[in-house]
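Structure record follows, encoded as structure tokens.
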Amino acid sequence: MTVEIRTTRFDHPDAMKLNDLVQQEYVLRYGDGDLTTMDAAHFAPPQGLYLLVYDTDGTPVASGGWRAQDASPEGFTDGDAEVKRMFVVPEARGRGLARRLLAELESTAAAAGRQRMVLETGLKQPEAIRLYESSGYAPVDKFGYYRDHELSVCMGKPLS
């Protein structure tokens, strides 16, 4: 599948469309959307980045971003880059888009001086857990909004 990865803003209409779809998927899996506070400014370079993947007909089929995090009461450590809103539309799954997008997020976070990529997923997303494990992620201390939730899975990977 030939695709194009574009840098965009989190509040771009295509990004919001995919964000709405991922939120619907969270509702199906967990009963509620992700309540983590997010703002387009969190993904503004050089402190973050948001990417969209477009297929050959210009349809957005995947999204994901990272935002800089440093030591905080929420459990982050200095130099973290937090992955948010990794999502591939159902009809485009199984084509390696998530892996390709994740690699681009890691590369850009490392280039921005971030030392560790972290993410939070959940036990009801086993395919995401498999992707992250096969990409070198391992469990880390829980962080973020859902750090005390029993279904939360937090993972990290050094970027050096």
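Since every read-out is calculated from the coordinates, none of them should be taken as a lab result. As the structure is a computational prediction, the values presented were derived from the model and not from experiment. Note that each Cβ is placed from the backbone with ideal geometry, even for glycine, and that neighbours are counted across all protein chains shown.
Overview of values
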item: Gaussian network model of the chain, Cα within-10 Å springs - most flexible of 110, 40, 98; result: 40
item: Three-way shape call for region 1-90 based on the alpha-carbon gyration tensor, with the a/c threshold at 1.5; result: oblate
item: Net dipole in debye of region 1-143 [+1 Lys, Arg Cβ; -1 Asp, Glu Cβ; about Cα centre; nearest 20]; result: 300 debye
item: For region 1-45 and region 120-135, distance of Cα centres in Å; result: 17 Å
item: Residue-averaged 222 nm ellipticity for the chain, from DSSP H runs of 4+ at -39500 (n - 2.57), nearest 500; result: -8500 deg cm²/dmol
item: Cleavage-rule hits, trypsin sites (Lys or Arg not before Pro), region 97-160, DSSP coil, Cβ neighbours within 10 Å at most 16; result: 124, 142, 147
item: Rounded, prolate or oblate (a/c below 1.5 giving rounded, otherwise prolate when a/b exceeds b/c) for region 67-160 by Cα gyration tensor; result: oblate
item: ³J(HN,Hα), Karplus 6.51/-1.76/1.60, whole Hz, each residue of region 45-53, x for Gly, Pro; result: x, x, 8, x, 6, 10, 10, 10, 10
item: Nearest-0.05 FRET efficiency for residue 145 and residue 107, computed from C-beta distance (R0 30 Å); result: 0.70
item: Kyte-Doolittle at least -1.0, axis length at least 20 Å by Cα - qualifying DSSP helices, the chain; result: 13-30, 97-111
item: Integer Hz, Karplus 6.51/-1.76/1.60 couplings in order for region 117-124, x for Gly and Pro; result: 9, 10, 7, 10, 10, x, 4, 8
item: Cleavage-rule hits, GluC sites (Glu not before Pro), region 104-155, DSSP coil, Cβ neighbours within 10 Å at most 13; result: 150
item: In sequence order, calculated HN-Hα J values of region 139-151 (Karplus, 6.51, -1.76, 1.60; Hz; x Gly/Pro); result: x, 10, 4, 5, 9, x, 4, 9, 4, 9, 8, 5, 8
item: 5 angstrom amide H check on residue 136, placed H, neighbours 5+ away; result: none
